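Visitor: What follows is a single structure, and I will ask about it in a moment.
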Amino acid sequence: MAEKLVKLGIPVGSLKAATIELFRKAGFNISGSEKSFLPAIDDEEIQLTMLRAQEMSRYVADGVLDAGITGYDWIMENASDVVEVCELAYSKATSRPARWVLAVPDESKVKKPQDLKGGIVATELVNVTKKFFADRSIDVKVEFSWGATEVKARLVDAIVELTETGTSLAANNLRIIDTVVISTTRFIANKQCWQDKFKREKIENIAILLRAAIDARSKVGLKMNVERANLDKILKVLPAEKSPTISSLADSNYIAVEVIIEDKIERTLVPALKRAGASGIITYPLNKVIH
């Protein structure tokens with residue numbers, strides 16, 4: 001009989017804080033992460049291990065871990081044969097995908113990848129970068145970089161570096177000439193453990209809760225009281241694709257209207273609802289939104 005435990009890897013480094021916060025929003029409390037690579041979680045069916053995202057997929061593929069969170073870039077770099085349970089659109093800075101980009105100094109004469117023929121490119125993402133140039137039949141030497149790759153852009157001919165916003169590259173007077181790979185965070189599982197009923201269901205349950213927590217980050221709940229005579233006017237103000245919940249109140253002339261909206265429209269929508277006759281308007285944050 002299979003062990004009733006899922007060995008789950010979560011990333012250290014830049015994604016650590018964002019991952020722990022995501023789990024908290026999903027309903028899991030992680031403690032002891034400041035001092036230990038084996039932090040505690042308030043779910044006796046999960047055993048946590050913290051690892052670098054760069055090596056996570058290898059441990060999952062080998063069965064040392066049942067599941068883990070890592071980037072698509074490192075799955076590709078390690079050529080890991082794993083189950084991709086779902087995509088998790090979160091990161092350390094934004095919800096946008098991260099990009100590994102080919103960059104050169106502003107003063108470089110290089111305008112396109114083909115201009116690097118015979119040159120040297122430094123990066124942490126060696127195998128993916130080699131494939132990028134091989135697919136284009138461009139002969140370059142790809143060297144592994146131990147970090148601080150932006151600095152090496154003026155020691156070699158080009159670098160391939162990870163960026164979300166491009167701010168760091170611009171600050172170092174570097175110019176992007178192409179995108180090597182676009183990467184998002186993935187929840188992955190070991191292929192053998194995926195065949196185990198308990199482990200698969202547990203991993204799927206975790207995925208549902210994590211995705212629900214991500215979906216909730218960009219939304220707020222909105223509740224208001226509306227005089228029945230003003231309901232049609234209020235419904236016209238609300239986003240057309242939303243179907244609000246309508247409940248009766250003790251005062252039969254009024255009803256309660258509740259809906260979930262994108263947080264970016266809250267500041268324009270609330271005043272419009274007030275002018276349309278809504279009262280007792282309340283907005284509140286959400287932990288999880290499950291579709």
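The values are calculated or read from the model by the stated rules, or taken from the named source; none is laboratory data. These numbers were taken from a predicted model, which means no experiment stands behind them. Ideal geometry is used to build each Cβ from the backbone, glycine not excepted, and the neighbour counts take in all protein chains shown.
Visitor: Counting only residues that are buried (at least 17 other Cβ atoms within 10 Å of the Cβ), more than 27 Å from the chain's Cα centre (by Cα) and aliphatic (A, V, I, L, M), which one in the stretch 119-160 is nearest to N172 (Cα to Cα)?
Guide: The extreme case among them is A153.
This table checks each residue for (1) under 27 Å from N29 (Cα atoms); (2) of a type outside the set (A, V, I, L, M); (3) within 27 Å of the chain's Cα centre (by Cα).
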site: R200; (1), (2), (3): yes, yes, yes
site: N205; (1), (2), (3): yes, yes, yes
site: L235; (1), (2), (3): no, no, no
site: P244; (1), (2), (3): no, yes, no
site: L249; (1), (2), (3): no, no, no
site: L273; (1), (2), (3): no, no, no
site: A276; (1), (2), (3): no, no, no
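Visitor: Okay, moving on. Could you tell me whether A189 is among the small types (G, A, S) and not assigned by TED's automatic domain parsing to the domain that holds E107?
Guide: Spelling it out, A189 is indeed among the small types (G, A, S) and not assigned by TED's automatic domain parsing to the domain that holds E107.
Visitor: Hey, another quick one. Can you tell me which residues in the stretch 52-69 are in contact with a helix residue (DSSP H, G or I) (Cβ under 8 Å, 6 or more places away or on another chain), buried (at least 18 other Cβ atoms within 10 Å of the Cβ) and either modelled with pLDDT of 95 or more or closer than 18 Å to F28 by Cβ (or both)?
Guide: If the condition is that a residue be in contact with a helix residue (DSSP H, G or I) (Cβ under 8 Å, 6 or more places away or on another chain), buried (at least 18 other Cβ atoms within 10 Å of the Cβ) and either modelled with pLDDT of 95 or more or closer than 18 Å to F28 by Cβ (or both), then M56, S57, R58, A61, L65, D66, A67, G68, I69 are the ones that fit.
Visitor: Shifting gears a bit: Quick one: Y254 ticks every box in (1) among the aromatic types (F, W, Y); (2) more than 30 Å from L15 (Cα to Cα); (3) in contact with a Cys (Cβ under 9 Å, 6 or more places away or on another chain) except a single one, so which number is it?
Guide: Exception for Y254: condition (3).
Visitor: Another question, if that's okay. Counting only residues that are of a type in the set (S, T, N, Q) and over 30 Å from T19 (Cβ atoms), which one in the stretch 81-114 is modelled with the highest pLDDT?
Guide: So the residue we want is Q114.
Visitor: Just to be sure before I move on: is A103 surrounded by fewer than 18 Cβ atoms within 10 Å (Cβ to Cβ) and over 21 Å from the mean Cα position of the chain (by Cα) in the structure I sent?
Guide: Taking the combined requirement at face value, the residue does not satisfy it.
Visitor: Does at least one position in the stretch 208-225 carry a residue that is surrounded by fewer than 13 Cβ atoms within 10 Å (Cβ to Cβ), farther than 27 Å from R96 by Cα and not assigned by TED's automatic domain parsing to the domain that holds T129?
Guide: no
Visitor: Search the stretch 166-190 for residues being touching a Gly at 6+ places or on another chain (Cβ under 9 Å) and either loosely packed, with under 13 Cβ neighbours inside 10 Å or hydroxyl-bearing (S, T, Y) (or both), and hand back the single one that is nearest to K111 (Cα to Cα).
Guide: Among residues in the stretch 166-190 that are touching a Gly at 6+ places or on another chain (Cβ under 9 Å) and either loosely packed, with under 13 Cβ neighbours inside 10 Å or hydroxyl-bearing (S, T, Y) (or both), the one nearest to K111 (Cα to Cα) is S183.
Visitor: When you scan the stretch 109-158, how many residues do you find that are part of a loop (DSSP other than H, G, I, E, B) and either in contact with a strand residue (DSSP E or B) (Cβ under 7 Å, 6 or more places away or on another chain) or within 22 Å of Y72 (Cβ to Cβ) (or both)?
Guide: Residues in the stretch 109-158 being part of a loop (DSSP other than H, G, I, E, B) and either in contact with a strand residue (DSSP E or B) (Cβ under 7 Å, 6 or more places away or on another chain) or within 22 Å of Y72 (Cβ to Cβ) (or both): 14 in total.
Visitor: Sticking with this one: Checking I265 against (1) free of Cβ contacts under 8 Å to residues at least 60 places away in the same chain; (2) among the aliphatic types (A, V, I, L, M); (3) surrounded by fewer than 13 Cβ atoms within 10 Å (Cβ to Cβ), which single condition isn't satisfied?
Guide: If we test I265 against (1) free of Cβ contacts under 8 Å to residues at least 60 places away in the same chain; (2) among the aliphatic types (A, V, I, L, M); (3) surrounded by fewer than 13 Cβ atoms within 10 Å (Cβ to Cβ), just (3) comes out false.
Visitor: If N225 meets every condition in (1) part of a strand (DSSP E or B); (2) modelled with pLDDT under 95 apart from one, which number is that one?
Guide: Checking N225 against (1) part of a strand (DSSP E or B); (2) modelled with pLDDT under 95, the one that fails is (2).
Visitor: Answer yes if at least one residue in the stretch 247-259 is on the phi < 0 side of the Ramachandran plot and assigned to a helix (DSSP H, G or I), and no otherwise.
Guide: Among the residues of the stretch 247-259, not one is on the phi < 0 side of the Ramachandran plot and assigned to a helix (DSSP H, G or I), which makes the answer no.
Visitor: Can I ask one more? With the requirement that a residue be among the β-branched types (V, I, T) and in a helix (DSSP H, G or I), what does the stretch 187-211 give you?
Guide: Correct list: I203, I206, I208.
Visitor: Can you name the residue in the stretch 166-183 that is in a loop (DSSP other than H, G, I, E, B) and either more than 23 Å from the chain's Cα centre (by Cα) or not assigned by TED's automatic domain parsing to the domain that holds E107 (or both) and, of all such residues, is nearest to L22 (Cα to Cα)?
Guide: By that ranking, first place goes to N172.
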